[in-house]
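To start, the structure under review is shown below, and the notes come after it.
Just so it is clear, none of the values below were taken in a lab; they were calculated from the coordinates. Quick caveat: nothing in here was measured; it's all calculated off a predicted structure. Glycine also receives a Cβ, built like all others from the backbone with ideal geometry; neighbour counts cover every protein chain displayed.
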Amino acid sequence: MRAYALLAVLLAVVPGRSSAEDETAAPPSDDPVAADAEERSPRLPRWGLAIDAGFPSFANASVMYRPFAPLRLYAGPAWNYFAWGLQGGVALVPWRWVLSPVLSLEAGKFRRSNLGSLVDDGDEDAAKLKPLLARVDYSYAALDLGVEIGSQRGFAFSLKFGLSWIALGTNGRATYAGDGGTTVSMRDPAFRGTLGSAKLGLHYWF
Amino acid sequence: MRPARSAALLASALLAAGCGHPLLGAELEAPEVRMTSEPRSFPATPAALPQDFCDGATAGCLVQEVEYDLGEEVPLLDEDGVEVDLRLTDVALDLESTSAPGLDGLESVRIVLLDPVSGRSTVVASWTKPPGPTPAVIHVGGDANRDLAPYLRDGRIAARIEIDYDTTQPMGAFTATLETGFSVVLTVSYLDL
């Protein structure tokens, strides 16, 4: 839920604008190359599609929307082999060249999934924790900085790295024999933390 | 929207997402870990041997040591640089008579935690016999939400079951089953590593 709330806050702070306003509101560029490019084709495509993969977002497909030139919003389904989910975010592309810097903030949440197949049943220690992996919740947020290589009007690749915040929660109880005849049970352990993030993507604007 | 303002908003949002948790770190939480010892046998009195008695006692008090190896069950618990919030959420001791004449001689029961540094002991659960006949099964309820960090050493917690009895009244053998609930939160800040 934290990831959804974060996404909602971000989307709320983005002002809505009409197409005409956007084009007139674009700040003039001091850079002669960028300015020339924008003069020749002042209207950037508003809609696009993207596919990307990485950590902690895994595999994603997104519809992208550019409310005005430096900003884009994106959202779509996500897949992590065990479950489908939803993801979305906001990206800032302050300069639009063949090689464009991009700063993005995104969040995602996957459906509760069964990770029990990851456990090697032959490993006695791991097998005792298998019940905890039957219903796992996973959500994340990531702040990435990277580059887009290609056209802002057609195909472009992106490569981004950054920091992510991950929440991994289990739902269940594992009971097993501990040392000295003690019976141990553990309920709903969870992990939250900051990890690195990386993402490779392909965009197409139309 | 200017890029600088956008970046500030993004950064603020990420900070908000990490609110209450280490922004550059990790947290492992187990809200409930329960450890139930196998039933421990206490001898009938007055047949108890000297090793069954509490320190310094020759009769009237039986004791058994209990040790919980939490480090074996919870990863990282005894690692350097890991902040541990370990709490006792509940403790219960069930005594069950296994031979005549039962538990009538029982006067009181205590579960005591041992501080490994000071050697001080802390009672976390107790029961005192009420007036009237003693039931065949006794449930000793205990403390909740006690910070166990001072009692943790090398991932282990040492405790003791102490049982006072009336030396003038024979008491049959019995078993004691100790069930303890913990909660644990382990926090690692990358900046401290």
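Treat segment B:21-146 as a sphere of radius equal to its Kirkwood radius over Cα pairs and apply Stokes-Einstein at 25 °C in a medium of 0.890 mPa s; give the translational diffusion coefficient in µm²/s, rounded to a whole number. Rounded, D is 140 µm²/s.
Residues whose amide H falls under 5 Å from that of B:Asp104, counting only those 5 or more places apart or on a different chain, are B:Gly172, with hydrogens built in the peptide plane. Near A:Trp97, no amide H atom lies under 5 Å from its own; only residues 5 or more places off or on other chains count, and H is placed 1.01 Å from N. Along Cα→Cβ, 7 Å out, is where each label goes; now give me the distance between the ones at B:Ala173 and A:Ile149 in nm to one decimal. Taking the simple label geometry, B:Ala173 and A:Ile149 are separated by 7.8 nm. For q = 0.13 Å⁻¹, what log10 I(q)/I(0) does segment B:137-187 give under the Debye formula with an equal point scatterer on each alpha carbon and no solvent? Per q value, in the given order, log10 I(q)/I(0) is -0.51.
Bridging of A:Lys109 to lysines at a Cα separation below 26 Å is possible for A:Lys130, A:Lys160, A:Lys199, once same-chain residues fewer than 8 apart are set aside. Between B:Glu67 and B:Val123, the FRET efficiency from the beta-carbon distance, with R0 = 22 Å, is close to 0.80.
Under 19 Å from the 7 Å Cα→Cβ point of B:Tyr190, by amide nitrogen: which residues of segment A:157-185? Once the point is set 7 Å along Cα→Cβ of B:Tyr190, A:160-168 turn out to lie under 19 Å by backbone N, inside segment A:157-185.
Applying 1/(1 + (r/R0)^6) with R0 = 56 Å to the Cβ-Cβ distance of B:Ala92 and A:Ala53 gives a FRET efficiency near 0.65. Top mean-square fluctuation among B:Ala92, B:Ala149, B:Ala26, Gaussian network model of chain B, C-alpha springs under 10 Å? Greatest mean-square fluctuation among the candidates belongs to B:Ala26. Normalised radius of gyration (Cα atoms, divided by 2.2 N^0.38 Å) for segment A:70-186: 1.52. Separation of segment B:115-138 and segment A:115-134, taken as the distance between their Cα centroids, equals 39 angstrom.
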